[in-house]
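The values are calculated or read from the model by the stated rules, or taken from the named source; none is laboratory data. Values in this document were obtained by computation on a predicted structure and should not be read as measured data. Reconstructed Cβ throughout: ideal geometry from the backbone, glycine too, with neighbour counts over all protein chains shown.
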Amino acid sequence: MKTFLKGFAVGTLILFLLALLFLETGWLDIRADVIPSPRISRFLDIATHASVRRHAAELQSPLPESSDSEEVLIAGGKLYLNDCVGCHGEPTKPSKFGATFYPPVPQLAQTPTRYSEAQIVWIARHGVRRSGMGAEGTSYSDPDYWRLAAFIRRLTQLPPHVLEAAKAPPVSSTGSSQVQSDEKK
Amino acid sequence: MKNFLIGFATPFVFFPLVVVAYFALGMADTPGDVKPPAWETAIMQPAIRAAVKRNAANLSAPSGATEDSVIAGGKLYVMGCMGCHGEPGKPFAEDHANYPPVPQLPHVGTKYSEPEIYWIIKHGVRLTAMSAYGPFYTEDQLWSLAAFIHRIDELTPTELQSIQPEKH
């Protein structure tokens, strides 16, 4: 047992030194435009989901209306079309810009989210570490976060005219247009 | 001796499993609106720097950057980078929205060489908010951006003036 522990201690030391050596001599592939193996990508995905499930507070929506109400969905849709499409994709077209991040930005209209509304609110407000998702913090009021989440949650199965109603009148282009101007290139 | 070898091999299985379990069970925090701990920055920042250095070692800027290309790069910066990386001539505001935080280039400058900056813009950096801009800029644009960013913390007032977007 004593020799086992000695071996364990030496092995641990060597393992950490090797890991440090690997990192600090620049062998880590850091390119966002080269996708790592599907296994690693899936693992990161699982880890993020597990973390959100564990940490996100299961809050109740402060909105008086139900999340299914058209009014809520249209209001949320306007926010989405204004601020999120640059990376997360338009309801009918995935974003090329979003694909240039690693991890790639989820294209919400193509891949329905598995998160609950409360979890979506939590993610949008606090962001996701080691990803392109920044914390939106106080950019939105609390009710607006919930409108946005209601819309995103139903993005792949919206009632027919919600999208048109959200699009009209024309969305102003004065919002956070940094990303959108890149998208236009 | 046999016990020693078994003991030696165990950590190579044990610690990777601990790391995988830690992440797969969702123990790792997700919120991006906090500052990364000092130990993480101390390990990962040099790791990224070393990886950039290794990958960009064989690149060299096409020719000496001219004043024109620096200004052209500055205009691109104002259009495409400023939103996250900070506006030249404005007071410093630390990034609290991203983890790791986005470097505020006009204030901290950069230690990277022009070819290294070119490489980062083109390929992006994994597990950060820096995406790959290779598909969106031409080679010339990438190099002029690199030339500008290399000098971003020592711009002359004239340069600062001439990169401003034209008012319509």
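Listed by position, the helices (runs of 4 or more DSSP H) contained in region A:90-183 that have at least 2 residues being modelled with pLDDT under 95 and either over 28 Å from B:Tyr133 (Cα atoms) or out of contact with any His (no Cβ under 9 Å at 6 or more places or on another chain) (or both) are A:162-167. Across region A:1-21, the number of residues qualifying as in contact with a Pro (Cβ under 7 Å, 6 or more places away or on another chain) and at pLDDT below 95 comes to 0. Regarding B:Ala28, is this residue within 22 Å of B:Leu142 (Cβ to Cβ), at pLDDT below 95 and assigned to a loop (DSSP other than H, G, I, E, B)? No; evaluated as a whole, the condition is false for this residue. The requirement of being within 14 Å of another protein chain (Cβ to nearest Cβ), surrounded by fewer than 21 Cβ atoms within 10 Å (Cβ to Cβ) and not hydrophobic (A, V, I, L, M, F, W, C) is not satisfied by A:Pro112. Might you let me know whether region B:78-86 holds any residue that is away from chain A (no Cβ under 14 Å), assigned to a loop (DSSP other than H, G, I, E, B) and either in contact (Cβ under 8 Å) with a residue 12 or more places away in the chain or under 30 Å from B:Pro31 (Cα atoms) (or both)? No. Considering region A:145-164, and only residues there that are surrounded by fewer than 17 Cβ atoms within 10 Å (Cβ to Cβ) and of a type outside the set (S, T, N, Q), the residue that is nearest to B:Ala97 (Cα to Cα) turns out to be A:Glu164. Within region B:41-57, if we keep just the residues that are touching a residue at least 60 places away in the same chain (Cβ under 8 Å) and not polar (S, T, N, Q), the residue that is farthest from the other protein chains (Cβ to nearest Cβ) turns out to be B:Ala56. Scanning region A:8-54 for residues that are in a helix (DSSP H, G or I), touching a residue at least 12 places away in the same chain (Cβ under 8 Å) and within 7 Å of chain B (Cβ to nearest Cβ) returns A:Thr48, A:Val52, A:Arg53.
Here B:Lys75 clears all of (1) of a type in the set (Lys, Arg); (2) buried (at least 16 other Cβ atoms within 10 Å of the Cβ); (3) closer than 17 Å to B:Tyr112 by Cα except the condition numbered (3). Annotation note: of A:Phe8, A:Phe22, the sole residue that is surrounded by fewer than 16 Cβ atoms within 10 Å (Cβ to Cβ) and either over 27 Å from A:His126 (Cα atoms) or touching a strand residue (DSSP E or B) at 6+ places or on another chain (Cβ under 8 Å) (or both) is A:Phe22. Looking only at region A:61-79, decide whether some residue is surrounded by 15 or more Cβ atoms within 10 Å (Cβ to Cβ), within 11 Å of chain B (Cβ to nearest Cβ) and touching a residue at least 60 places away in the same chain (Cβ under 8 Å). Checked region A:61-79: no residue is surrounded by 15 or more Cβ atoms within 10 Å (Cβ to Cβ), within 11 Å of chain B (Cβ to nearest Cβ) and touching a residue at least 60 places away in the same chain (Cβ under 8 Å).
Specify the residue that is farthest from A:Ser51 (Cα to Cα); the eligible residues are those in region B:5-34 that are at the interface with chain A (Cβ under 8 Å from one of its Cβ atoms) and exposed (fewer than 15 other Cβ atoms within 10 Å of the Cβ). So the residue we want is B:Leu5. Among the candidates B:Ala93, B:Ala61, B:Ala97, the residue that is among the hydrophobic types (A, V, I, L, M, F, W, C), farther than 19 Å from A:Leu23 by Cα, more than 8 Å from chain A (Cβ to nearest Cβ) and touching a residue at least 24 places away in the same chain (Cβ under 8 Å) is uniquely B:Ala61. Would you mind stating whether A:Leu5 is more than 7 Å from chain B (Cβ to nearest Cβ) and closer than 18 Å to B:Phe4 by Cβ? Taking the combined requirement at face value, the residue does not satisfy it.
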